[in-house]
Structures are given as structure tokens and as C-alpha cells.
1. State whether one or more residues within segment 98-105 are without any contact (Cβ under 8 Å) to a residue 12 or more places away in the chain and either closer than 30 Å to residue 56 by Cα or hydroxyl-bearing (Ser, Thr, Tyr) (or both).
2. The conditions are (1) surrounded by 15 or more Cβ atoms within 10 Å (Cβ to Cβ); (2) at positive phi, and residue 34 fails exactly one of them. Which is it?
3. Can you tell me how many residues within segment 1-24 are at pLDDT 90 or above, touching a strand residue (DSSP E or B) at 6+ places or on another chain (Cβ under 8 Å) and surrounded by fewer than 16 Cβ atoms within 10 Å (Cβ to Cβ)?
4. Please name all residue pairs, on different chains or six or more residues apart, with Cβ atoms under 8 Å, provided the first residue is in segment 25-50 and is without any contact (Cβ under 8 Å) to a residue 12 or more places away in the chain and the second residue is part of a helix (DSSP H, G or I).
5. Being out of contact with any helix residue (DSSP H, G or I) (no Cβ under 8 Å at 6 or more places or on another chain), closer than 30 Å to residue 41 by Cα and modelled with pLDDT of 85 or more: is that true of residue 144 here?
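The values are calculated or read from the model by the stated rules, or taken from the named source; none is laboratory data. These figures come from a predicted structure and were not determined experimentally. Virtual Cβ from ideal backbone geometry, glycine too; neighbours counted across all protein chains shown.
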Amino acid sequence: MSEEPDDLLRAVEATLFAAEEPMSVEALSGHLGGADVRDALRQLADHYAGRGIHLVERGKRWHFQTAPDLAHLLRREREQVRRLSRAATEVLAIVAYHEPVSRAEIESIRGVQTAKGTLDVLLEAGWVRVAGRREVPGRPVIYATTPDFLAHFGLASRRDLPGIDELRAAGLLDPVEEALEGLLGSPAETPDAADAGEAADQADGEPLPPDAAG
């Protein structure tokens, strides 16, 4: 980034700084009269790479975020958000690693029924979205993750989803490590073992009828 950045560079920087949510290249371009903003984004990302804030792309949308090594300086005391239930964590993992996926497919992988409220929690959190309908008889709704999911976990795309060892090292499996490990690392695990501890989720977790998992 030169000492005297051009007007487009400054306009992109100002637009992203003032934006209420991450912006795609197309949205930025439209906001700036159809200008090609790709080179400006690359220059800005390079400029901010070693600073206290970074310009990053998450799910094809750009935004400023605190440098990871400085995040601890900005933490404030706040009401702790309720942790996801074991069932919701399992469903989120299945959607992330298998999307787009229907509720029936989620249930087939888990081996237990999934309460509507479990998916509602993930939809309300903004981590899962309705991605359309499967073109099969009954046209079931299919689900996928959102750019907010990628941003929350610091992923540029789903290709960056970590494996089990990386999840454990980052502390993202606590307190549901066994649930996720069973889903992602032990395909031979039985439905009964995967459902251990599920009773606390009330309606979620009723075993599927013998023919339902197929």
C-alpha cells in the first residue's frame, strides 16, 4: 500500500470500515459504482496483515477483525451464552461436514430422531441456513452452514474445516468431545453409544424406528 493510496483504495477501506456486516466483492463493487475492487482488497489485506486489525475474507465476504494474538486485550465481561446442547453440536458438525444435508440424512447419520427445536437453535444462531430442497420425492428441506459460521470459527471456506486432532487442540470439543469424535472419527460406533448422555436434550434423541434410518 503506497503512502498516497488512490481514491478507490480509500473508498474500499472506508466502506468496509463503516459496513455493519461483511461484504462480498459484488456488494462492494455495486456500492462503489461498479468499480473492480479485487486489487484494492488484496492491497488492503497486505497492508493490514501485520497490524492490530486484519482485513480477512470469510465465506467470500470481507471484513475487518482484530488480530488473533490481540483478541484477549479486547475481551469484556459479558453474560455467558448458553452452550449448545450435545444434540445441537452433533447436528452442527454433520451439517458442516456433509452439507447440503436434509433432516432425514442428519437422523440417519446420528441414528436418532432430531427434534425440530435443535435445528431451530442453529438457525437462530445464524450458523445454519435453509439451502433449498432436495429434488427427490417429498422435496425435503436441505441445510447448509452460513458465512457467520465460517467467520465465528475463523474459516475462509469449508475446505479449512479442521480434523479431530485440530479441534481438540483448539479446545473446540469441550465439553462434547466424545460426541463429535464419535461422529467424525469412529464410523463404526453404534447408535446407542452415540446417544449416550442424550437424555438431557428431552425431545431430541428418540431412537429411529428400524426402517427410518434407511
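1. Within segment 98-105, one or more residues are without any contact (Cβ under 8 Å) to a residue 12 or more places away in the chain and either closer than 30 Å to residue 56 by Cα or hydroxyl-bearing (Ser, Thr, Tyr) (or both).
2. Condition not satisfied by residue 34: (1).
3. 1
4. 36/29
5. No: the conditions fail for residue 144.
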